[in-house]
1. Calculated from DSSP H runs of 4 or more alone, at -39500 (n - 2.57) each and per residue, what is the 222 nm mean residue ellipticity of the chain, nearest 500?
2. Can you pull the three principal axis extents for the Cα set of the chain, in Å, largest first?
3. Counting other C-beta atoms within 10 Å, and keeping those with at most 13, which DSSP coil trypsin sites (Lys or Arg not before Pro) do you find in the range 45-123?
4. Compute, for the range 1-73, the length of the dipole vector about the Cα centre, with Cβ point charges of +1 (Lys, Arg) and -1 (Asp, Glu) only. Units Debye, rounded to 20.
5. Given +1 on the Cβ of Lys and Arg, -1 on the Cβ of Asp and Glu, and no further charges, what dipole in debye does the chain carry about its Cα centre, rounded to the nearest 20?
6. Separation between the Asn91 and Ala39 pseudo-spin-labels, each 7 Å from Cα along Cα→Cβ, expressed in nm?
7. So what's the gap between the Cα centers of the range 79-104 and the range 1-52, to the nearest angstrom?
8. Give or take rounding to whole Å, what are the principal axis extents of the alpha carbon atoms in the range 1-63, in descending order?
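Here, each number is a calculation from the coordinates, and none is a lab measurement. Treat the numbers as computed from the prediction; the structure is a model and nothing was measured. Cβ: placed from backbone, ideal geometry, glycine included. Neighbour counts: every protein chain shown.
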Amino acid sequence: MRVQPAPHPAAIVAKALTRAAAALGLPQTEVAQILGTSAASISRSFAGERPIPLESAEGRVALLFLRLFRSLDTLVGGDSDKARLWLDARNLHLSGEVPRQLIATTQGLVRVADYLDAFRGRL
């Protein structure tokens, strides 16, 4: 019996990113913009051909995006449809802005992730 080697953390992040993006209905081009990388790189990551380099800015932003996803997923009880609706709706607590538009920048991604973490902490 052959034992499979443990997957590399960068490959795990790539797979988690792929699943989170799918749950939120985000196309690869939008994920590439969020992470500040090329669409071709994200396409390879989504295909399982390229891990997310964790020591890079792209990796740090990917981890932040996954933090946002985990908080939102918890708040909506795992309902992807509700998560998508929340992401696309104006939010008074975020100055009336749409979270999906905010997360296109790192500063906006931090702001939305912090908001979700704080809101989740109240529950």
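1. Details: 7 runs with 81 residues, N = 123.
After summing the helix terms and dividing by the residues of the chain, the value is -20000 deg cm²/dmol.
2. Answer, in whole Å and largest first: 53, 32, 24 Å.
3. Arg90
4. Values: 8 positive and 5 negative charges, 44 e Å.
Value, rounded to 20: 200 debye.
5. Numbers: 15 positive and 11 negative charges, 46 e Å.
Rounded to the nearest 20 debye, it is 220 debye.
6. 2.7
7. For the range 79-104 versus the range 1-52, the Cα centre distance is 23 Å.
8. Result for the range 1-63: principal-axis Cα extents of 42, 24, 18 Å.
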